[in-house]
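*Asks:* Mind looking over this structure? Questions follow.
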Amino acid sequence: MTLDVHTRRQILKAALGGAAGIVLGAPVRLAAQAAGTTNTLRLADDVFVIQTPGQANVVAHTSAAGVVLVDGGSASGADSLMKAVAALPGGGPVRTIFNTHWHPEQVGSNELLGKAGATIIAHENTRLWLTTDVTWSWSGQHFKRLPKVAQPNKTFYKTGELESGIGYGYIPDAAHTDGDLYVYFPKQNVLAVGDVMSGSGWPVVDWATGGWIGGIVGGVQRIQALANEETRIVPGRGPVLSLADVKTQLQMYSTIYERLTTLLNKGRGPSEAVEAKPTKEFDALMGNGDEFVRRSFESLWAYLSPDA
Ligand SMILES: [Zn+2]
């Protein structure tokens, strides 16, 4: 989901200001707090998840041939991300970065890395979105196209494999956007899936660039088929998921999809769908579902109406 950078800066400033007041005379603790903004999770000797509050998850694979990243955070966090990557055991220059989709929370390091000569891999649809301006009609948010150097310079349609054996493929269900991809690290059994799945909170249903609730069901089903009991699944947000989590989410989204299509078939509109509380029993775990329900319902219109 999109992050208001200014808001976050203000929150951060306030938080740091508060902390400084409380721990005055304890500079060590303050330093630890400031440095603790990035949390690196080790999934294998050479695969890490870099988590920065307010930022999307970044997966890093280190090797003598250089670092491979899955997503690059937002532009405001690019420098600190590069520092976190350089500090990884076996960390070096980033040679390859995958964009799981076009959202600014994923492509913020593209410019920096593109200028450094890195290969930027994305589905062709993602590249196309990054070459044009996008506006979300429901929020008025406007996204500017990326400069040429920051655009994906290697695209694909179905699947691909890096020399190191790292596999990747298209998730054609249009779960989150119409350019979603997964990256699979076979030796480590780690599957990075971007925002097709969320580890914390309801996902964005970006129907402006193809995502829809039926696609979420299809995408999660596809991830279930790609994974096994031992696979660590890294979502765009929140903690690492297991196959059991995927199954739980699949059931949840299938239930919601069914309820929403029933409402649609009865001729109901988005506001009535929100009032019907079709996410009720899941809200304790996922948070307030109103925004998700409204976007999901609109996505049915966008997807199913014949002149869409
Ligand atoms: Zn996204």
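*Asks:* What does the highest-first list of 241-248, 220-227, 262-269 look like by mean Cβ count within 10 Å?
*Replies:* Ranked from most to least packed, the peptides come out as 220-227, 241-248, 262-269.
*Asks:* Using amide H atoms built 1.01 Å from N in the peptide plane, name the residues 5+ places from residue 194, or on other chains, whose amide H lies under 5 Å from its own.
*Replies:* HN-HN under 5 Å from residue 194: 236.
*Asks:* Which of the peptides 175-185, 135-145, 285-295 is most tightly packed, and how do the rest follow, going by the mean number of other Cβ atoms within 10 Å of each residue?
*Replies:* Descending mean neighbour count gives 175-185, 285-295, 135-145.
*Asks:* Going Cα to Cα from residue 266, which lysines come in below 18 Å? Please leave out same-chain ones fewer than 8 positions away.
*Replies:* Qualifying lysines at Cα under 18 Å: 277.
*Asks:* Past the 31 angstrom mark, what percentage of all C-alpha to C-alpha distances in the stretch 37-304 do you count?
*Replies:* In whole percent, the long-distance tail amounts to 23.
*Asks:* Right, something else. If you plug each phi of the stretch 95-111 into the Karplus form 6.51 cos²θ - 1.76 cosθ + 1.60 with θ = phi - 60°, what whole-Hz ³J(HN,Hα) values come out, in order, with x for Gly and Pro?
*Replies:* The phi angles translate into 9, 9, 10, 9, 9, 5, 6, 8, 4, x, 6, 10, 10, x, 9, 4, 5 Hz.
*Asks:* On a 0 to 90 degree scale, rounded to 10, what angle separates helix 5-22 from the longest Cα axis of the chain?
*Replies:* It is inclined by approximately 50 degrees.
*Asks:* Could I ask something else about it? Which angle from 0 to 90°, rounded to the nearest 10, does the C-alpha axis of helix 290-304 make with the longest principal axis of the chain?
*Replies:* So the helix axis and the longest Cα principal axis differ by about 60 degrees.
*Asks:* Roughly what angle does helix 213-226 make with the longest principal axis of the chain, taking Cα atoms, 0 to 90 degrees, to the nearest 10?
*Replies:* 50 degrees
*Asks:* Averaging sequence separations of C-alpha pairs under 8 Å and six or more residues apart, then dividing by the length of the stretch 37-304, give the relative contact order as a whole percent.
*Replies:* 13 percent
*Asks:* Further question: Along the stretch 173-178, what does the Karplus equation 6.51 cos²θ - 1.76 cosθ + 1.60 (θ = phi - 60°) give for ³J(HN,Hα), rounded to whole Hz, x for Gly and Pro?
*Replies:* Karplus-based 3J(HN,Hα) across the stretch 173-178 equals 7, 6, 6, 10, 9, 8 Hz.
Rule-based calculations on the coordinates, nothing more; no lab input. Source: prediction; values computed, not measured. Neighbour counts run over all protein chains shown; Cβ positions are idealised from the backbone, glycine included.
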